[in-house]
Structure formats: structure tokens, C-alpha cells
Amino acid sequence: MNQKQFEQLCLDACTALGLKDTGALGAGFPATIDGVDVELILKTSAPVGLQMILEVGAPDPEHRLQAYEAVLSLQALWMGDLQGMFALDAAADRLLFVLTAPVAPTLQGAALALVIRGLAAQVLGWRHTVLKDKLDLHWLADGAPDPAAAVDHV
């Protein structure tokens, strides 16, 4: 997949997701899907494919260790069976979920949209369960999605 094909795939996915800015993901900008900030990157180095970055949330300063333990415990369940991992964006103080997946030449934007929506739902699930009361309420007050609120899409 080249950059032009990636941009078209992202455009088609954004259209299927009903986003106002259909060029955001293909241009390297985040989009909010069902209350979760998502970025897509075309990886041209091994493993080649799509890298999806989903913002899980900002750890609450008083529960930071418990938040890290929760996501690392989840990650340990996969034991290498998934090309996904939790990461910390130290500059922004955000927990991220990063997933790299191969891209079939036949992948359509509507199918990618379903994958993105499913991953966003998973992040919301983590916010409601293993990370409940472990995310910073100030992050929520600054306009981040409320893990207790159900949001359809932007």
C-alpha cells in the first residue's frame, strides 16, 4: 500500500464513520470515534501495515500505579498473540493502545471503519471496567470523552 492508497482508504473509512473531516485520518490527524481519539499511520517498515493508536486516557495521579497494573495485566493475557500493546505518551501523560495490523490489498474503507469502531468500543469497555476510577477527572473536564457517557460518533 502506498501513501495515496492509504489516504483513500482513510477517506473511505472516515466517510463510513460519518466524520465531518473525512481527510483527518489520512493526513495524520486524530479523529474522535465514539468518544475515543484515534490516529492511523501507514507503516512501511516491518511489520508493514496500518498502525492504529487509540487514546485510552490520562492516569489519575493518585491511581497511576493501579492504572499501569490494569493495562499491563490485560497485555499479559495476550502473551504475544496480538500485535497490540499499551504505551504511555509521556509528553501528554496519556495511556495509549497501539495496534499494528497487516493490510490486505482488498481492504475497503467500510471494513476498516468497523475495525476502528470495534477498537473504540473496546477502549470504552476498558474505561468502564479495569480503568474505572483510575483516570484523571481533570482530563475529563478538559473536554476528553467521559468514560461513563455513551457517545455515538462525531
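The values are calculated or read from the model by the stated rules, or taken from the named source; none is laboratory data. Keep in mind it's a predicted model, so treat the numbers as computed, not measured. No Cβ is skipped: glycine too gets one built from the backbone with ideal geometry, and neighbour counts run over all protein chains shown. For accessibility, only protein heavy atoms count, side chains too; no ligands or nucleic acids. Shrake-Rupley method; radii C 1.70, N 1.55, O 1.52, S 1.80 Å.
Things to note:
- Any chance Leu82 is open to solvent by less than 80 Å² (accessible area, probe 1.4 Å) and closer than 17 Å to Lys132 by Cβ: no
- Test: residue in region 86-102 that is under 29 Å from Lys4 (Cβ atoms), open to solvent by 50 Å² or more (accessible area, probe 1.4 Å), outside any helix (DSSP H, G or I) and of a type in the set (A, V, I, L, M): no
- Only listed residue being touching a residue at least 12 places away in the same chain (Cβ under 8 Å), assigned to a loop (DSSP other than H, G, I, E, B) and open to solvent by 10 Å² or more (accessible area, probe 1.4 Å), chosen from Leu42, Leu72, Leu19: Leu19
- Top-ranked residue in region 103-119 [being open to solvent by less than 60 Å² (accessible area, probe 1.4 Å) and free of Cβ contacts under 8 Å to residues at least 60 places away in the same chain; ranked as nearest to Gln3 (Cα to Cα)]: Ala104
- Qualifying residue in region 139-151 (condition: modelled with pLDDT of 90 or more and in contact with a helix residue (DSSP H, G or I) (Cβ under 8 Å, 6 or more places away or on another chain)): no
- Residue, nearest to Glu69 (Cα to Cα), within region 105-121, restricted to residues that are out of contact with any Leu (no Cβ under 8 Å at 6 or more places or on another chain) and part of a helix (DSSP H, G or I): Ala121
- Selection within region 22-38 - closer than 15 Å to Ala113 by Cβ and part of a strand (DSSP E or B): Ala31, Thr32, Ile33, Val36, Val38
- Scanning region 1-53 for residues that are of a type in the set (D, E, K, R) and closer than 23 Å to Leu95 by Cα returns Asp34, Asp37, Glu39, Lys43.
- Verdict on Asp37 being farther than 21 Å from Gln3 by Cβ and either hydrophobic (A, V, I, L, M, F, W, C) or open to solvent by 40 Å² or more (accessible area, probe 1.4 Å) (or both): yes
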